[in-house]
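Down below is the structure, laid out as C-alpha cells.
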Amino acid sequence: MTEEELKSLAGQLRKPDGEHGVDVGNFMNAGNEALHINTLSFLNLEPDQTILEVGMGNGNLMSHVLGASPNCRYYGCDYSQLMVSESIKNNQELVDQGRLSFHHCHAHDMPIEKQHIDRLFSVNTIYFWENPSAILNEFKRVLKPNGILCLGMRPRRLMQHYDFVKYGFQMFESDDVKKLLAVNGFKQTEAYTVEEEDWVSDDQRFEVESLVVRAQI
C-alpha cells in the first residue's frame, strides 16, 4: 500500500466514515472477532446485567454479548456516526424492544447515568484515546461500585509490525495499561493473553494475540 493509502486506512480504523466506512466496519469485524470473544470471556458476564461497549463498530458482533449475558440491557457508544447508524440497522428488532441502544458520542462524555453499568468493555480503541484520564474518569462515573472494566487490544510487540500504526496509533504492553488504570483509580488490575491464528496479508504472515486487561473500581 502507498503511504496515502496507509494513512487513509489508519484514519478509517479510528473513525469509519464516508463511502468506504461500511467496508471498514466489516473488515474490523473479521479482524476483531476473536479479540472480541476473548475480551468478553474475562468480563465475568452474568444474566440480566447492564453492559456498556465503547466502540462497538457496526454492531454485528452482538450475538457474543447476548449469548454471554441473556436478558442483558446493552448500551453501545461510538465516535463514528456511521457505525452507530449501522449498529441500529443491524440490530433493529432488539433496538425496538428496548434491549439495545446505540449512541454517537465521545468516550469522555457518554449519555449514561451515574453508576448504571455492571460491565464495561472496549476492544481496539485505546490506541486512539487523546485524553486517557478523561475517558477513564468517565468509565468510573458510569460503572457501579465493584463494576468490571475489560480492555481488549493487540500488544505493542505485535502491533508495531503493521505499517499503518505510524499514523496516529498509541501502542501498549500489559504493564503500560495496568499502570494507566492504577494511576486513574482502578484496582485489581490483571492482564491476560490469548494466542490467535496468524493473520496473512499480501503473502506476509503476522503473529496475532489478544491482550485483555481487566480492572475494577
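The values are calculated or read from the model by the stated rules, or taken from the named source; none is laboratory data. In this text, all values refer to a predicted model and were calculated from it rather than measured experimentally. Please note: Cβ atoms are built from the backbone with ideal geometry, for glycine as well, and neighbour counts cover all protein chains shown.
Summary of values
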quantity	calculated
Qualifying helices (runs of 4 or more DSSP H) (wholly inside the range 121-217; at least 3 residues being hydrophobic (A, V, I, L, M, F, W, C) and over 21 Å from ILE51 (Cα atoms))	174-183
Residue that is farthest from VAL212 (Cα to Cα), among those in the range 46-65 that are more than 16 Å from the chain's Cα centre (by Cα) and modelled with pLDDT under 95	ASP48
All positions within the range 38-54 that are buried (at least 19 other Cβ atoms within 10 Å of the Cβ), out of contact with any Asp or Glu (no Cβ under 6 Å at 6 or more places or on another chain), not in a strand (DSSP E or B) and not aromatic (Phe, Trp, Tyr)	ASN38, THR39, LEU40, LEU43, LEU45
Residues of the range 159-183 that turn out to be surrounded by 17 or more Cβ atoms within 10 Å (Cβ to Cβ), closer than 19 Å to GLY31 by Cα and over 15 Å from the mean Cα position of the chain (by Cα), as a count	4
Residue selected from the range 1-25 under the condition closer than 16 Å to PHE128 by Cβ and without any contact (Cβ under 8 Å) to a residue 24 or more places away in the chain, by the criterion surrounded by the fewest Cβ atoms within 10 Å (Cβ to Cβ)	SER8
Every residue from the range 70-98 that is touching a residue at least 24 places away in the same chain (Cβ under 8 Å), over 17 Å from the mean Cα position of the chain (by Cα) and under 20 Å from GLY147 (Cβ atoms)	ASN71, CYS72, ARG73
